[in-house]
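Visitor: The following block contains the structure, expressed as structure tokens.
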Amino acid sequence: MAVHDVMERPVHARKSGRKKSEVTTSHPAPSAKPYQFKRLVVTSPKGGSGKTGTTRNLAVAAVLNGYRVATVDLDPQGSLTRWWQKRPEEATSIDHFGAHIRDIGAVLAEVKDYDLVLYDTPTSVEEYLEEMKALIVACDMALITTQETDDDLDSVLPWMDAVRKYQRNTAFLFNKIKPRTVMFTDARNRVVGNGYQACPVEVPDYTDIATAGNQGIGVLELRGAKGRDHISGVWGFVRASVGLSL
Ligand SMILES: Nc1ncnc2c1ncn2[C@@H]1O[C@H](COP(=O)(O)OP(=O)(O)OP(=O)(O)O)[C@@H](O)[C@H]1O
Ligand SMILES: [Mg+2]
């Protein structure tokens, strides 16, 4: 079954980000490098913690590094899809797919011919536990986004415990945080002190990150933007963790 056959809404049909003249088939020419085919899932039961922002910024970082990249929007809100639709013509191409999380089996079977496929997921993880499990098992890494309040940690720590049953390669990503505050330091200590892995680079709350998102680009595509170094650092950690070779 083709992914677009399982789409609920036409806006979620598969599209190529390439301009027409540059569209290539989804199968490599015999001489092309084989796809590395790594999958990353970005998940968190906490709304607004940065799942979509992280997915798109890492997708942009990967494509700027020369990897063949696809993003998959499994959130019925469709924020990642709307971001992708806003991408300027001249921006480096990212292929995009959208589907309902209940069709995860078909999506996993279909979206394959890439070096890296990034999955953005809904906040409502409890509603789709079986589907989330299927996705998490199939991925090479699960990244859990969180801010630094106790409310955030009380919600994401149990979810991390659930995710870790199905995926050995997990990490928290502190996002939209206020660095150099006691609250952030305490939160990071609580995470690492309980044996969880955290991305060693945190992403502060920077307006430029939201501004880039509004424009359909990643912060790495916004000249002089605050947060570029942070996203580069997170990308370096994720690239190495999923096992993408250079
Ligand atoms: N580090 C950051 N600094 C500033 N703004 C950010 C940052 N990360 C995300 N944002 C912005 O915060 C808002 C919420 O982030 P985002 O949509 O990525 O969260 P989410 O976890 O996907 O939310 P939802 O649960 O609704 O899907 C967005 O407007 C986004 O651009
Ligand atoms: Mg989102």
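The values are calculated or read from the model by the stated rules, or taken from the named source; none is laboratory data. Given the structure is predicted, the values throughout are model-derived calculations rather than measurements. Here Cβ is always computed from backbone atoms with ideal geometry, including for glycine, and neighbour counts include all displayed protein chains.
Visitor: Which residue out of 103, 95 is more than 15 Å from ligand 2 (Cβ to nearest atom) and closer than 22 Å to residue 137 by Cβ? Steps first, please.
Guide: Values: 95 fails: closer than 22 Å to residue 137 by Cβ.
Criteria check complete, one pass: 103.
Visitor: Out of all the residues in the range 191-226, which are assigned to a strand (DSSP E or B) and surrounded by fewer than 17 Cβ atoms within 10 Å (Cβ to Cβ)? Break it down into steps so the answer makes sense when it comes.
Guide: So in the range 191-226, the residues assigned to a strand (DSSP E or B) come out as 198, 203-204.
Scanning the range 191-226 gives a single hit, 204.
Visitor: Using the structure shown, decide if residue 73 is modelled with pLDDT of 95 or more, under 23 Å from residue 209 (Cβ atoms) and crowded, with 24+ Cβ neighbours inside 10 Å.
Guide: For residue 73, the condition - modelled with pLDDT of 95 or more, under 23 Å from residue 209 (Cβ atoms) and crowded, with 24+ Cβ neighbours inside 10 Å - is met.
Listed here are the residues, each with its yes/no results for (1) in contact with a strand residue (DSSP E or B) (Cβ under 6 Å, 6 or more places away or on another chain); (2) over 18 Å from residue 122 (Cα atoms); (3) among the aliphatic types (A, V, I, L, M).
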{"site": "163", "(1), (2), (3)": "yes, no, yes"}
{"site": "167", "(1), (2), (3)": "yes, yes, no"}
{"site": "186", "(1), (2), (3)": "no, yes, no"}
{"site": "209", "(1), (2), (3)": "no, yes, yes"}
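Visitor: Moving on. From (1) closer than 15 Å to residue 234 by Cα; (2) crowded, with 16+ Cβ neighbours inside 10 Å; (3) away from ligand 2 (no atom under 16 Å from the Cβ); (4) not acidic (Asp, Glu), pick out the condition that doesn't hold for residue 188.
Guide: Failing condition for residue 188: (1).
Visitor: Any idea which residue in the range 83-102 is surrounded by the fewest Cβ atoms within 10 Å (Cβ to Cβ), counting only those that are under 18 Å from residue 222 (Cβ atoms) and of a type in the set (Lys, Arg)?
Guide: Taking the candidates together, the pick is 86.
Visitor: Within the range 60-68, does at least one residue satisfy the condition of being within 14 Å of ligand 2 (Cβ to nearest atom) and not charged (D, E, K, R)? If you could, list the steps in order and put the result at the bottom.
Guide: Let us first name the residues in the range 60-68 that are within 14 Å of ligand 2 (Cβ to nearest atom), namely none.
No, the range 60-68 contains no residue that is within 14 Å of ligand 2 (Cβ to nearest atom) and not charged (D, E, K, R).
Visitor: Provide a single number: the residues in the range 187-242 that are within 12 Å of ligand 1 (Cβ to nearest atom) and of a type in the set (S, T, N, Q).
Guide: The total comes to 4.
Visitor: For residue 91, are the conditions met, namely being of a type in the set (A, V, I, L, M, F, W, C), part of a loop (DSSP other than H, G, I, E, B) and either at pLDDT 95 or above or within 25 Å of residue 165 (Cα to Cα) (or both)?
Guide: Here the answer is yes, as residue 91 does meet what is asked.
Visitor: Does the range 118-130 contain any residue that is surrounded by 23 or more Cβ atoms within 10 Å (Cβ to Cβ), more than 16 Å from ligand 2 (Cβ to nearest atom) and more than 16 Å from residue 213 (Cα to Cα)?
Guide: No, the range 118-130 contains no residue that is surrounded by 23 or more Cβ atoms within 10 Å (Cβ to Cβ), more than 16 Å from ligand 2 (Cβ to nearest atom) and more than 16 Å from residue 213 (Cα to Cα).
Visitor: Let me ask another. Out of (1) near ligand 2 (Cβ under 9 Å from one of its atoms); (2) surrounded by fewer than 24 Cβ atoms within 10 Å (Cβ to Cβ), what's the single condition that is false for residue 39?
Guide: (1)
Visitor: Considering only the range 73-89, I want to know if a residue exists there that is within 16 Å of ligand 1 (Cβ to nearest atom), touching a Leu at 6+ places or on another chain (Cβ under 7 Å) and closer than 25 Å to residue 35 by Cα.
Guide: Within the range 73-89 (the criterion being within 16 Å of ligand 1 (Cβ to nearest atom), touching a Leu at 6+ places or on another chain (Cβ under 7 Å) and closer than 25 Å to residue 35 by Cα), the answer is yes, since at least one residue qualifies.
Visitor: Restricting the search to the range 100-114, which residues are hydrophobic (A, V, I, L, M, F, W, C) and either over 23 Å from residue 36 (Cα atoms) or part of a helix (DSSP H, G or I) (or both)?
Guide: Scanning the range 100-114 gives 101, 104, 106, 107, 108, 109.
Visitor: Moving on. Might you let me know whether the range 46-64 holds any residue that is free of Cβ contacts under 8 Å to residues at least 12 places away in the same chain, surrounded by fewer than 17 Cβ atoms within 10 Å (Cβ to Cβ) and away from ligand 1 (no atom under 13 Å from the Cβ)?
Guide: no
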